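Quick note: the coordinates plus some simple rules give every number you see, no bench work behind them. Since the model is a prediction, treat every value here as computed from it, not as a measurement. We place every Cβ from the backbone using ideal geometry, glycine too, and count neighbours over all the protein chains shown.
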Amino acid sequence: MLGNNLVEESCQGYSRKKLLEAGEHWAKERLGKVSEGYSAQIRQMEMLGAPPEVLQSIRDVEAKDDIDFEVDPVNWKALDLFMTLRSDWSVVAHMGGAFYQGIPKPNIKSLFWLLNIKEKHRCKLFKQILLIERGALSVINEQS
């Protein structure tokens, strides 16, 4: 896991946790799992006889979470690049389903070149994209 340590050690100036959460949120939304936890909570509260206003407050939070995810300004460019690459995943199919390996690194490099991203910004953006990818992989491969 040398690659993971390299990314973690050099993530200065941006929130590692927020980038991982961004990837997780993207993957959950893609898989339709964003509000899964709240739906289970609502069912449990209904079984316990919770008043309608309590159930509605949970539904309100659920609706807000389905739409909103706060992105720090320092992470916007990396998230935008990740979204551009969102269909470029390497996937290994097997008898039990599929395993997502991630976005091929040459695809990231090509995107930098196509968008004429300055050399001095590439390393930081690359590391940010890998963190977002790691967050997404933790959710996507959970299904396999």
Additional length obtainable on full extension of the chain from Arg122 to Glu46, 0.36 nm per residue less Cα span
22.3 nm
Subtracting the Cα-Cα distance from 0.36 nm times the residue separation, let me have the gained length for Val91 to Lys105 in nm, one decimal.
3.7 nm
Segment 85-144: C-alpha gyration tensor shape, a/c 1.5 cut-off, then a/b vs b/c:
prolate
Could you order the peptides 18-29, 115-126, 74-85 from most to least packed, using the average number of other C-beta atoms within 10 Å per residue?
18-29, 74-85, 115-126
Among the listed pairs Lys77/Lys124; Lys77/Lys120; Lys17/Lys124; Lys28/Lys118; Lys105/Lys127; Lys17/Lys77, give every one whose C-alpha distance is greater than 20 Å.
Lys28/Lys118
